[in-house]
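The next block holds one structure in the form of structure tokens; read it before the comments.
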Amino acid sequence: MTFPRVLAPISLALAGACATPTGSCVSGPKLDGSWHYVGRQDTPERRALDGTLVLRQQACGEIAGEIDIAETGDAGGTRIHGTVTGRIVDARTVRLDAAIGAATRQHLATLAGDSLAGGWLVAGPAGISATGSFHARRGAP
């Protein structure tokens, strides 16, 4: 089973689950702070990712923030920046959406102490256009 087949249904299920208030509030772990973000893009081409993720926890497990990453690959490099929204799904699971230009990178991560690790994808009307994985550690690089 490939990565997109595993993450896409999970991402879509979480999107629906988080779209409608249920009357209960998931506060979960505290995620405020600056996180050193390291990752890779696997498709459509391999690229290395390195940068900063800043998260601010809002009410009821909602998250806001920014992402600033250097992407490098065989064809050179570029810097990407965007806003982040998301929510704490449960005590160990976090969903983050990074709006970068016209695309949204949907991140699904597992929290362990001061570390987040998981996968991401970019999905649009034409399907999944990019996939990858990442790890973020709270604190300056």
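The values are calculated or read from the model by the stated rules, or taken from the named source; none is laboratory data. Quantities reported herein were computed from a predicted structural model and do not represent experimental measurements. We place every Cβ from the backbone using ideal geometry, glycine too, and count neighbours over all the protein chains shown. The accessibility values were calculated without ligands, DNA or RNA, using every heavy atom of the protein model including side chains. Shrake-Rupley method; radii C 1.70, N 1.55, O 1.52, S 1.80 Å.
For Gln106, what is the net charge nearby, where nearby means another residue's Cβ is under 10 Å from its Cβ and Lys, Arg count +1, Asp, Glu -1? Summing Lys/Arg as +1 and Asp/Glu as -1 gives +1. Need one number: nm distance between label points at Asp68 and Ser27, each 7 Å from Cα along Cα→Cβ, rounded to one decimal. According to this spin-label approximation, the distance is 3.2 nm. Solvent exposure of region 88-141 amounts to 44 Å² per residue of accessible area, where only protein heavy atoms count and the probe is 1.4 Å.
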